[in-house]
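Written out below as structure tokens is the structure these notes cover.
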Amino acid sequence: MSEQPAPADHARQQLEPAAADGLRAYAAKTRENADRLAAVLEDIATNGLPSVEDCTPWDELRETHLARLAAQRPAVA
């Protein structure tokens, strides 16, 4: 994305301070996740793929993630 401000004839609508803070927090989290992924990919490029014994099976990862999501969501009666 461009760091340059938009031309004057295309005025931008300013966000509320809380919305801008939330957007910045989301951007920081997204950047953190991208940096973590990039580090993993660089490690694989440098050292090769990890052994099967050192990996977690996909179905275990899925179940762990689904349990985490279920814990965050209130139960529906």
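Computed from the coordinates by the stated procedures, all read-outs in this text should not be read as laboratory data. If you're wondering where the values come from, they're calculated on a predicted model, not measured in any experiment. Virtual Cβ from ideal backbone geometry, glycine too; neighbours counted across all protein chains shown.
A few comments on the model shown:
- Sites Arg62 and Val40 - FRET efficiency at Förster radius 22 Å, r taken between beta-carbons, to 0.05: 0.75
- Convex hull (Cα only) mean projected area of the stretch 8-77, reported in nm² to one decimal: 9.9
- Extending 7 Å from the Cα toward the beta-carbon at both Asp54 and Ala28 defines two label points whose distance is 3.2 nm.
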